[in-house]
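Peer 1: Structure provided below as structure tokens; questions to follow.
What follows draws every value from the coordinates through simple rules; no lab data is involved. Because the structure is a prediction, the values reported are computed rather than measured. No Cβ is skipped: glycine too gets one built from the backbone with ideal geometry, and neighbour counts run over all protein chains shown.
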Amino acid sequence: MKNYFVIHALGNVGDDYWYRYIQKTVEERGYKCIVPTLPPIEKMSFQSWAKEFDKYKDLINEDSVFIGHSTGSIFSVKYLMTNKLKIAKFIGVVSFNENNINSPHPDWEEINKSFFVENLSDFKNFAKERICFYSPTDIYDFRLLDKFACEVDAKKVIIQDAGHFTSITGYDKEFKEIVEYL
């Protein structure tokens, strides 16, 4: 059965930004969409997020679609690879697998380290289709975002002036560009 998972970014919850817009869009098409809230920054690690996300593990199948935002993207990748779960489609929004040396939040970079994977290119074996959305105006170095997309052999969707796809750049309630890829 086809279902969707939207995984939020570090410091966010399932009700932030465009996450519920995706859920509403998907559910209007007749599919289930899970938008969990994972542990907050002060309790955040791959292990804490995975433990919380394990309650959905039995719902993941080869027809599932994962949409991850920022840290939610690399969490999705590592979770699927660690648990040897294959899905139909991965949509990464601002996806990275290494620290951003120019980050305005160096403490967040330290947290992100537990999510990184050594064999990122192997993710091609876990998701039949891979799409990455990113922007040259993101706080993350564009080269890191592009490197991630290249390593997973993803279709690249580059949107000018979208930043980190948050309310600052108009992605507070909607994300219309993603709809055709759902």
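Peer 1: Would you confirm whether any residue within the stretch 22-40 is surrounded by 18 or more Cβ atoms within 10 Å (Cβ to Cβ), under 21 Å from Lys173 (Cα atoms) and touching a Ser or Thr at 6+ places or on another chain (Cβ under 6 Å)?
Peer 2: Checking the stretch 22-40: not a single residue is surrounded by 18 or more Cβ atoms within 10 Å (Cβ to Cβ), under 21 Å from Lys173 (Cα atoms) and touching a Ser or Thr at 6+ places or on another chain (Cβ under 6 Å).
Peer 1: Further question on the same structure: Exactly one condition in (1) without any contact (Cβ under 8 Å) to a residue 24 or more places away in the chain; (2) within 17 Å of Tyr181 (Cα to Cα); (3) assigned to a helix (DSSP H, G or I) is not met by Ser48; state its number.
Peer 2: (2)
Peer 1: Quick one: would you say Lys2 is touching a residue at least 60 places away in the same chain (Cβ under 8 Å), in contact with a strand residue (DSSP E or B) (Cβ under 8 Å, 6 or more places away or on another chain) and of a type in the set (Lys, Arg)?
Peer 2: yes
Peer 1: So, of the residues in the stretch 9-45 that are part of a helix (DSSP H, G or I), touching a residue at least 12 places away in the same chain (Cβ under 8 Å) and not aliphatic (A, V, I, L, M), which turns out to be farthest from Ser73 (Cα to Cα)?
Peer 2: Thr25
Peer 1: So, one more: Restricting to the stretch 53-90, name every residue that is assigned to a helix (DSSP H, G or I), of a type outside the set (Gly, Ala, Ser) and closer than 21 Å to Arg20 by Cβ.
Peer 2: Those that are assigned to a helix (DSSP H, G or I), of a type outside the set (Gly, Ala, Ser) and closer than 21 Å to Arg20 by Cβ: Phe53, Lys55, Tyr56, Leu59, Thr71, Phe75.
Peer 1: OK, next. Tell me which residues, restricted to the stretch 147-182, are free of Cβ contacts under 8 Å to residues at least 24 places away in the same chain and buried (at least 20 other Cβ atoms within 10 Å of the Cβ).
Peer 2: Within the stretch 147-182, none qualify.
Peer 1: How many residues does the stretch 91-137 hold that are of a type outside the set (Asp, Glu), part of a helix (DSSP H, G or I) and exposed (fewer than 13 other Cβ atoms within 10 Å of the Cβ)?
Peer 2: Matching residues across the stretch 91-137 total 4.
Peer 1: Something else about it: Out of Ser73, Ser114, which single residue is under 12 Å from the mean Cα position of the chain (by Cα) and on the phi < 0 side of the Ramachandran plot?
Peer 2: Among Ser73, Ser114, only Ser73 is under 12 Å from the mean Cα position of the chain (by Cα) and on the phi < 0 side of the Ramachandran plot.
Peer 1: Within the stretch 69-76, is there a residue that is touching a Cys at 6+ places or on another chain (Cβ under 9 Å) and surrounded by 14 or more Cβ atoms within 10 Å (Cβ to Cβ)?
Peer 2: Taking every residue of the stretch 69-76 in turn, at least one turns out to be touching a Cys at 6+ places or on another chain (Cβ under 9 Å) and surrounded by 14 or more Cβ atoms within 10 Å (Cβ to Cβ).
Yes/no per residue for (1) over 26 Å from Tyr31 (Cα atoms); (2) in contact with a helix residue (DSSP H, G or I) (Cβ under 8 Å, 6 or more places away or on another chain):
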position: Asp58; (1), (2): no, no
position: Ser64; (1), (2): no, no
position: Phe75; (1), (2): no, yes
position: Phe96; (1), (2): yes, yes
position: Glu109; (1), (2): yes, no
position: Phe116; (1), (2): yes, yes
position: Ile131; (1), (2): no, yes
position: Asp138; (1), (2): yes, yes
position: Thr166; (1), (2): no, no
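Peer 1: Next question. Would you pick out the residues in the stretch 138-169 that are more than 16 Å from Asn102 (Cα to Cα), part of a loop (DSSP other than H, G, I, E, B) and among the aliphatic types (A, V, I, L, M)?
Peer 2: Across the stretch 138-169, the qualifying residues are Val152, Ala154, Ile159, Ala162.
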